[in-house]
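Accompanying notes for the structure given below.
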Amino acid sequence: MANENKNSSSLSLYIFVFFSVVLLVLSLWVVWDDEFGLRPWKKYQADYKTMKHDKLEQDYRHAVVEFQRSGGHKKLAELEAKLEKAEAGFKSNETQEKFTKLNSQLEAAHEALAKSQKELRDLRGQFLETEYYFTKTQQPDYKSKMDVLQRSIDSVALRVAAQQKIEDSIKGSLSSLTAGTAAIRAQIATMKNGLEEKKEKIANNEKVPIEIKQIHIADVDKADRCQSCHIGIDGKNQVSGKQPFTRHPASFVYLDHHDPAKFGCTFCHRGQGRATTSAEKAHGNVKHWDEPMLQGDMTQTSCLNCHGDIKGLRGAEKIIKSTELIKKYGCYSCHKIPGYETVGDVGPLLTQVGTKVNYSWAVSWLLDPKKYFATARMPKFYFTQDQAEAIADYLFSMSGTTRHDADNTKNKPDAKLIEQGKALWAQSRCNLCHITGGRGGNNVKVYAPDLSKVGSKVNKEWMFKWIKNPNTYFPGTKMPRFRFTDEEVNGLVAYITSEYQDEDAEYKYAQPVEIKAASIAKGKDLIQKYGCYGCHKLQGMEDMVQVAPSLRKQGVTFLRNNEMREKIGMELSSIGSKPVDMLDFGKLKKSIPNDRLSYIKQKLRDPRGYRLGLRMPNFRLAESEINELSAVLYGFTDASVPTRFLVPSRQELDRMAGVPSYKFTGDFAKVIADVKCTNCHAIRGIGADYAPDISIAGSKLQESWIRNFLANPDVIRPLLQQMPKFGLSSGKPQAKVTMPRFNLGQQKVEDTNKTDVDVVINFFQQELLSSDIPKEIPKINTIAMPEQIAKGKQLYDLKGCKACHQIGTEGGALGPNLTNVGNRLTQGFIFKHLENARKFKADIVEPNYGFTETERIYLTNFLMTLKLNAK
Amino acid sequence: MKSLPEITDKVKKNLIWKSVFRRDYRNTVRDRAQAVFGNVFLHLHPVQVRESAVKLRFTWGMGGITLFAFIILVITGVVLMFYYHPSIDQAYTDIKDLEFQVPFGVILRNLHRWGAHFMVIVVMIHMFRVFMTGSYKAPRQFNWGVGVILLVLTFLLSFTGYLTPWDQLGFWAITVGTNMGAATPLLGYQGPFSEYLHITPYNDVRFALLGGAQVGGNALLRSYIWHCVAIPLVATILMMVHFWRVRKDGGISKPQK
């Protein structure tokens, strides 16, 4: 029994010892893990420090070698020898005697001075005291005492000044004794300075503590600890190209404008800023963290958080390009997106569409727009044949009672008429906006329809009216009125309808067929269900609300509450920050990653894939477009951005300041409503960047030249337009294009007796002015004009202007041709342009030569003489 | 020079020493009894335990292990309270900081979390054992009752602690849990009879639990106070009663002969 007991107790002992050891080991592991395992940044910082040390030391060694090679060390040795000699001289008995004597003198003088200064202070104190009593009691005793005191103060002050002088002179002779050595010492110090600085940097690097680096943004309680590992992200020099030690790419754009100490990292990059235990956690690539880190171009989506207007924003090029897609496909037509309230409809007006197109065409278009032309922006709604016919019936019923087709292949027009039309087509540069046969359409942002098959789509009568005056059919269209004569229009119609035919087109209703009332009602229901009125203006449906959920609840546009319209459907606002758990992946069979970006992409790829009964049509976007568009949507967040970060758009600022936005008024408004200058040009912030900004054209261009140019446009910069812009700025055409001729000057503007070209010129002269550009340039009276011109010519040759500019047949073609510049530009513009070209056009390639004012006058005078066929 | 015994005498024979160490540690029955009588913690424990009662195969030691888990939870919980603010702005980030920044924060939080899961499991096994061995029968029926209340308190501790990290899991767990309260007869506004008793979302049990009509800052604060103060206090008192009853009812239940 006893034996058994003993055995069992020794077994317990073994168990006890075993578990004790396990516990001990575990405890030690816990301590080790907490110190090192969970704090990987310690190693990164230590490594960085070593690398930086190596780099600094290398720097130092290079500097030492350089110092020696340049003979610095010899010079230093010389100086040191000199110093020794000087010191020896200083130590000679004679000098030393003088030195001690002077020192004792200085001591005595200083003592005397100090004594007098104390006396002066005391006296002044007494004076103040007496003055106080006097003002309090007004007794004359005090007054007389004050006078006495004042006198002694004056005398003591004199003494102090004298003693000060003595002390200064002694100090002066003392320093003259040591001046020789001091000068040599200073020389040595400056020689060593560069090296010492480098040495100090090494020492300072050693002193940098290894610690968590945190940026805390108090008002939103954001703590970004990214720099604990990315230790060199905002360093001046790249220490290592390896992650996580690199510098921020393009930091002169991003970090220079967003001080990391103020903005942190995660406002732009998302990710999990607090995490420090592993890269996956910190970058947010872990389960249950909805905001994975944004890298590379995708980061630009965050610009939308704060910048109300990203147009022209440096460093946001990708997202600017992507945002264009929202305008292209008109997402704002169905979804509420703040900032797009004033953008016009993407689709044309449909009220009179029955007078325009063939019924057969309308049905086939409704079934599949891309079948008609590949670049069609209208999405596919997956209508059945019946549904498409019902909708077409409703649309046709607004302007008639029958289904009807016009077959333009019959009654072929006169060949001569077609030839005339063809010439006019080329001359009017229709292909600038319209694509035919896969060519043209350079001005992409106008989104003009592809006309390759238009002859099978519309009837001749409508086309005639349309070309004659587009505004009567569709007010607000981008198509300009060219002021053609009836004859010319006939030619164009003949050319277009015979040239651009669809061989596969059917004309089922060449004999009109009555439309059934039931079908019209069905069509109306469908139009309401799918919200056709979102993109197309339809009679009687102007007040319909948007069908789709809002895409962006709030943002930097300072949306007022009453601007939010009622929405039908699921709440989708701030899609870019919606929790992943709340996204409805629904009946999707394909497996996609369970994150927000994949959700958005899949939605764009297959809009009705998640659930039954969804109504969003399929835009059949290219994969690249899906990537771009999803990046924009990802940026529509309700991230709590401190208001101090917000950069309101120009319009927003104007609205808040109560400044009305710029509007064209008067007669010019009538002309621009016709000619649509802003399709290509920008004027005062309105319009496109396809053609030059003409906001200050009135100051820049001469009246006669504008007149000639409008009558007969010509290429100003032949090569520049052809040169690819290497993606540095957006939206520039690559092909050689010129402005269409709008035939201005032939007609009077409505309600006035001025011709339209006069109205344009008048507007230029009155409105498009710059206060920076003078009408007259300064004159030099001392030198005769021909001599000034000659000097200007000399300068022109000397500075090599002809490398880029052409005069006559000589010179380069990168810059504008200057052969006729004296007729084109105003002298004030040339004068100011030579001073600082970037003032007028930020991305101009012209170098700044830093001309003096006189030189600019000479050059301007010379350039003004360059006139073609001068009269 | 004093000899070692003299020094020992000097150190030991004074009031301070004696008030801390009240007895010797000789292995006699008297000293052992004194050790129990003189110690408040051991006083809860019986002086003598039958050998058969500590046989693991009968009791599984689950009651004792539950107490052990509770003690761990109290200790880690108190330390966690140093790092935690029960406000909706800070709660989640505080938990994140425990994971990333606080020294030994990871083991601290994980001990508390896993300890809580462990306690719930162990307490249920304990109850199962008591039931299977028939230990709820007279004279232990009162202690069974106390035990059931303690079980509910354990669940409530677990439930209230669930919300404190203020994450999606906790948020929806509390939403669902309190909605059950809202559907309870006579207590919730969605339950039967609520219209006769004029129970609305603003005066029912759910409102009382959440401190409002939905899960928000008040719910978090209430959870926190229930979790850290109120329920542990009640549970501690009931535990003392529970242990005391064990002794009064004849010690830990043991196999019948």
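What number comes out for the charge environment of A:V346, summing +1 per Lys or Arg and -1 per Asp or Glu over other residues with Cβ under 13 Å away? Don't skip to the answer; put the middle values down first.
Values: positive: A:K327, A:K328, A:R377, A:K445, A:K478, A:K537; negative: A:E324, A:D345.
Summing Lys and Arg as +1 and Asp and Glu as -1 gives +4.
How would B:Y189, A:Y447, B:Y202 rank on accessible area, largest to smallest, probe 1.4 Å?
B:Y202, B:Y189, A:Y447
Ignoring ligands and nucleic acids, what accessible area does A:V21 show with a 1.4 Å probe (Å², nearest 10)?
Per-residue accessible area (A:V21): approximately 80 Å².
Lys/Arg Cβ at +1, Asp/Glu Cβ at -1, dipole of the range A:25-64 taken about the Cα centre: which of A:A63, A:V30, A:P40 is farthest positive-ward?
Positive-end residue among those listed: A:A63.
What is the local net charge at A:D224, summed over the other residues whose Cβ is closer than 10 Å to its Cβ (Lys, Arg +1; Asp, Glu -1)?
In short, +4.
Just give me a number: lysine pairs in chain B, eight or more positions apart or cross-chain, with C-alpha atoms less than 16 Å apart. Before the final figure, lay out each step's value.
Details: B:K2/B:K10; B:K2/B:K12; B:K2/B:K13; B:K10/B:K18; B:K55/B:K254; B:K55/B:K257; B:K137/B:K248; B:K137/B:K254.
Pairs that pass both the separation and distance tests number 8.
Of the heavy-atom accessible surface of the protein assembly as shown (probe 1.4 angstrom), what whole percent is carbon and sulfur?
The C+S portion of the solvent-accessible surface of the protein assembly as shown is 59 percent.
Give me the distance between the Cα centres of the range A:795-821 and the range A:653-718, rounded to whole Å.
27 Å
Quick one: of A:K478/A:K603; A:K49/A:K207; A:K336/A:K522; A:K380/A:K524; A:K321/A:K663, which pairs are farther than 20 Å apart, Cα to Cα?
On the way: A:K478/A:K603 31 Å; A:K49/A:K207 10 Å; A:K336/A:K522 27 Å; A:K380/A:K524 18 Å; A:K321/A:K663 27 Å.
Pairs exceeding the cut-off: A:K478/A:K603; A:K336/A:K522; A:K321/A:K663.
Could you name the aspartates and glutamates whose alpha carbon sits less than 18 Å from that of A:K356, not counting residues in the same chain fewer than 8 places away?
Candidates past the 8-residue exclusion: A:E389, A:D393, A:D405, A:D407, A:D450, A:E461, A:D502, A:E506, A:E514.
Give the accessible area for A:W425 in Å² (nearest 10); use a 1.4 Å probe, count only protein heavy atoms, and leave out ligands, DNA and RNA.
A:W425 exposes around 20 Å² with every protein chain in place.
Sorting check: for B:54-61, B:245-252, which peptide has the highest mean count of neighbouring beta carbons within 10 Å, and how do the rest follow?
Descending packing order for the listed peptides: B:245-252, B:54-61.
Through the Karplus equation 6.51 cos²θ - 1.76 cosθ + 1.60, θ set to phi - 60°, convert the phi angles of the range A:575-588 into ³J(HN,Hα) values in whole Hz; use x for Gly and Pro.
3J(HN,Hα) across the range A:575-588, in whole Hz: 4, x, 10, 6, x, 4, 4, 9, 7, 9, 6, x, 8, 4.
Between chains B and A, what is the buried accessible area in Å², counting both sides, with a 1.4 Å probe and ligands, DNA and RNA left out, to the nearest 100?
Working: alone 17320 and 49800 Å², together 65800 Å².
The summed interface area works out to 1300 Å².
Other chains' Cβ within 10 Å of B:96-108 residues: what's the mean?
5
For A:K145, go through the aspartates and glutamates and keep the ones whose alpha-carbon is under 13 Å away, minus same-chain ones fewer than eight residues off.
Reachable aspartates and glutamates: A:E129, A:E131.
Label the range B:1-43 by shape, choosing from rounded, prolate and oblate, from the square roots a ≥ b ≥ c of the eigenvalues of the Cα gyration tensor; if a/c is under 1.5 it is rounded, and otherwise prolate applies when a/b is larger than b/c, oblate when it is not.
The shape class here is oblate.
Kindly identify the range A:215-284 as rounded, prolate or oblate by the Cα gyration tensor criterion: order the square roots of the eigenvalues as a ≥ b ≥ c, call it rounded if a/c is under 1.5, otherwise compare a/b with b/c, prolate if a/b is larger, else oblate. The partial results should precede the final answer.
Numbers: a/c = 2.08, a/b = 1.17, b/c = 1.77.
Oblate.
If you filter the range B:108-152 for trypsin sites (Lys or Arg not before Pro), then keep DSSP loop positions with at most 12 other Cβ within 10 Å, what is left?
Answer by residue number: B:K137.
Can you give me the three principal axis dimensions of the range A:806-859 from its C-alpha atoms, in Å, biggest first?
29, 25, 17
Which order do the peptides A:391-403, A:22-34, A:147-159 come out in when sorted by mean C-beta neighbours inside 10 angstrom, highest first?
For the peptides A:391-403, A:22-34, A:147-159, the packing ranking is A:391-403, A:147-159, A:22-34.
Name the chymotrypsin sites (Phe, Trp or Tyr not before Pro) in the range B:1-46 that are in a loop by DSSP and that have at most 12 other C-beta atoms within 10 Å, would you?
Answer by residue number: B:F21, B:Y25.
For the range A:154-255, report the translational diffusion coefficient in µm²/s to the nearest whole number, using Stokes-Einstein at 20 °C, 1.002 mPa s, and a Kirkwood Rh over Cα pairs. Kindly include the intermediate steps, with their values, before the conclusion.
Working: Rh = 19.7 Å.
For the chosen part, D equals 109 µm²/s.
Testing the spin-label approximation: label points 7 Å from Cα along Cα→Cβ at A:L313 and A:H62. State their distance in nm.
Using points 7 Å along Cα→Cβ, the separation is 3.8 nm.
Take the Cα atoms of the range A:353-534, build their convex hull, and give its volume per residue in Å³.
121 Å³
Net charge near A:V675, counting Lys/Arg +1 and Asp/Glu -1 over other residues with Cβ under 13 Å of its Cβ?
Taking every Cβ under 13 Å from that of A:V675, the sum is +3.
Between 0 and 90 degrees, rounded to the nearest ten: what's the tilt of helix A:623-634 against the longest Cα principal axis of chain A?
The two axes meet at around 60 degrees.
Can you give me the solvent accessible area of A:H269 with a 1.4 Å probe, rounded to the nearest 10 Å²?
Rounded to the nearest 10, that gives 50 Å².
Give me a single rounded figure for A:654-661: the average over its residues of other chain Cβ atoms within 10 Å of their Cβ.
Average per residue, whole number: 0.
Rounded to the nearest 500 deg cm²/dmol, what is the calculated helix-only ellipticity per residue at 222 nm for the protein assembly as shown, with -39500 (n - 2.57) per DSSP H run of length n ≥ 4?
Roughly -16000 deg cm²/dmol at 222 nm, from the helical runs in the protein assembly as shown.
Using only the C-alpha atoms of the protein assembly as shown, find the volume of their convex hull and express it per residue in Å³.
Dividing the Cα hull volume of the protein assembly as shown by its residue count gives 468 Å³.
For helix A:853-864, report the angle its Cα long axis makes with the longest principal axis of the Cα atoms of chain A; keep it between 0 and 90° and round to the nearest 10°.
Here the helix axis deviates by roughly 20 degrees.
Which order do the peptides A:855-864, A:827-836, A:287-296, B:146-155 come out in when sorted by mean C-beta neighbours inside 10 angstrom, highest first?
On the way: A:855-864: 22.3, A:827-836: 20.0, A:287-296: 14.8, B:146-155: 16.9.
For the peptides A:855-864, A:827-836, A:287-296, B:146-155, the packing ranking is A:855-864, A:827-836, B:146-155, A:287-296.
With angles folded into 0 to 90 degrees, how steeply does helix A:72-91 sit against the dominant principal axis of chain A? Use alpha carbons for both and round to 10.
30 degrees
The values are calculated or read from the model by the stated rules, or taken from the named source; none is laboratory data. This is a predicted model, so every value here is computed, not measured. All Cβ positions, even for glycine, are placed from backbone atoms using ideal geometry, and neighbour counts span all protein chains on display. The area values use the complete protein model at the heavy-atom level, side chains included, leaving out ligands, DNA and RNA. Shrake-Rupley method; radii C 1.70, N 1.55, O 1.52, S 1.80 Å.
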